[in-house]
Amino acid sequence: MSLRIVPTTPFPGQRPGTSGLRKPVSVFQQPHYLENFVQSIFDVLEGSAGQTLVVGGDGRYYNREAIQILLKMAAANGIGRVLVGQGGILSTPAVSCLIRKYGAYGGIIFSASHNPGGPQGDFGIKYNIGNGGPAPEKVTEAIYARTQQIREYRILEAPDVDLDRLGEQRLGSLTVSVIDPVADYLGLMQRLFDFEAIRDYLASGIRIAFDAMHAVTGPYAHAILQGSLGAPEGSVLNGQPLPDFGGGHPDPNLVHARSLVELLFREDGPDFGAASDGDGDRNLILGRQFYVTPSDSLAVLAANAHRVPGYREGLAGIARSMPTSQAADRVAAKLGIPCYETPTGWKFFGNLLDAGKVTLCGEESFGTGSHHIREKDGLWAVLFWLNILAVRRQPVRQIVEEHWRTYGRNVYSRHDYEGLPVEVAEALMADLRRSLPGWVGQRLGSQLVAYADDFSYTDPVDGSTTSHQGIRIGFEDGSRIIYRLSGTGTHGATLRVYLERLELDPARHGLDPQVALAEQIQLADHLAQIRARTGRQQPDVIT
């Protein structure tokens, strides 16, 4: 083994997005590309010598190769110990769990989350700090700045580590511990949820289906749902992680999890269905012939948290991303606790969680979590729902419809326009931004505009401010239209349009959201001239 110091030059565009650096696999495979970014991480970490890092990924194409590069660079940069999942597998929630349990300095996750995999797909890397959560902007900006200055990186010339053999191996002065990726996470879930009650519920003849989408949660679901909880064999679908996710798109929504949706909407379908994404931090929740929106899911979990062992002492507060519906706000108001509205990106929940201001968090993009870790957690949400079902012994549809009768229904939908030319999307947003001042107090369609702004957030813990987080148009009756450019894509720009209206009449709770929101949909297109400017006659994805 010998240390190499390799000359290099900066690559443009290595600024992390909403959650890490994501690019096509072919970009990461360029000589020095991944090494430059990894060295930039090590260069900005103060006091990391001799420390422990947690490392893993979602099993997508290039995952193993990237981990071997990372391990050799960690050894060359003085890291003392690395905990890495067997086979290079660790879900994002499991990484957060391990960082917190073992007091690790931080963690590095190889994933592009819900983006497609395979040789023509995407790859990604992100750094998590010592609280287990995504690095805040001051850290990611420091990493980016370093990528634009880097002139060399350090790497150990050494044989690859055997990622399939549990136990310790040496890589120069670095100790590499290959660990069971599921065990510690399972232990945490057993402390939060009533596994005995869920086992009894499943044993009563309840049928469930969990689609792991050939992504990272397969081993976790097999061990927890079919193993510890006794769900029948075959309850876990697509449970083998594959480098290309079996040719599918590991995004648990109504479009990309279509086969699961069709299964649940059969007359004889399972009683409960769920799915998770590439790295295991997102969730889709279904009842028989019933879809639970992520916004409603967060609200229902909050309203029923007292039924679950890990949350019986009550909630300190709730946090939701700005585009997420205001359903959780209504629950918080009834419970007499605060509800915080943050920018999109789980890192914005970290300070609130660390300060004890909130217990549950959620994003409309199929992400839900709590103070148990510092990431959203797909399988955790599934177990939370199963615990509620085990206690209430009611179908998913009945639980949600009773929730609407109590709190009202925040009818909600998101329209995505994917792969737009960046200049077209940015010009559309810029023109909307310029129009904002003139809309306040005006009647648009049948609705009076109460506020119109470009969302800015001041962190109540550290006072930091984050601006330009999405255009909000709020109406006097509580309805909203929101426009935002996504930060998770790798090809062109994705325009997301969020539509929301509060419906208090139970007789109208069953309306299809696209019908109930028809006026907002038409107005959203008119205000932004989406069809005229993009040439798109309809969204690519509706959720």
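Computed quantities for the displayed model
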item: Volume per residue that the Cα convex hull of segment 175-227 spans, once the total is divided by residue count, Å³; result: 86 Å³
item: Cα centroid separation, segment 199-219 to segment 7-39 (Å); result: 37 Å
item: Lys/Arg +1, Asp/Glu -1 at C-beta; the chain dipole; positive extreme among GLN120, ILE473, LEU156; result: ILE473
item: Exceeding the 32 Å Cα-Cα cut-off - candidates LYS23/LYS347; LYS23/LYS334; LYS23/LYS357; LYS72/LYS357; LYS101/LYS334; result: LYS23/LYS334; LYS23/LYS357; LYS72/LYS357; LYS101/LYS334
item: Accessible carbon and sulfur surface of the chain relative to its total accessible area, %, 1.4 Å; result: 48 percent
item: Coordinate range along principal axes, alpha carbons of the chain, Å, largest first; result: 72, 58, 42
item: Computed helical MRE - 222 nm, the chain, DSSP H runs ≥ 4 contributing -39500 (n - 2.57), nearest 500; result: -9500 deg cm²/dmol
item: Rg to Rh, two decimals, where segment 415-543 supplies the alpha carbon set and Rh follows Kirkwood; result: 0.98
item: Cα-only radius of gyration and Dmax that characterise segment 1-111, units Å; result: 13.6, 38
item: Net dipole in debye of segment 154-220 [+1 Lys, Arg Cβ; -1 Asp, Glu Cβ; about Cα centre; nearest 20]; result: 100 debye
item: MET213 accessible area, assembled protein chains, probe 1.4 Å, Å²; result: 20 Å²
item: Between segment 458-505 and segment 130-169, the Cα center-to-center distance that results, in Å; result: 32 Å
item: Cα-based shape type of segment 50-89, given that a ≥ b ≥ c are square roots of the gyration tensor eigenvalues and the cut on a/c is 1.5; result: oblate
item: If the convex hull is drawn through the Cα atoms of segment 148-247, its volume per residue in Å³; result: 188 Å³
item: Residue list for segment 99-113, given a label point 7 angstrom along the Cα-to-Cβ vector of SER26 and an amide N cut-off under 20 Å; result: 112
item: With at most 14 other Cβ atoms within 10 Å, longest stretch of the chain clear of loop GluC sites (Glu not before Pro) (DSSP); result: 47-232
item: Residue-normalised accessible area of segment 300-345, expressed per residue, 1.4 Å probe, Å²; result: 34 Å²
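The values are calculated or read from the model by the stated rules, or taken from the named source; none is laboratory data. In this text, all values refer to a predicted model and were calculated from it rather than measured experimentally. When we count neighbours, we look across all protein chains shown, and the Cβ atoms used for this are built from the backbone with ideal geometry, even at glycine. In case anyone asks, the SASA skips ligands and DNA or RNA and just uses the protein heavy atoms, side chains included. Shrake-Rupley method; radii C 1.70, N 1.55, O 1.52, S 1.80 Å.
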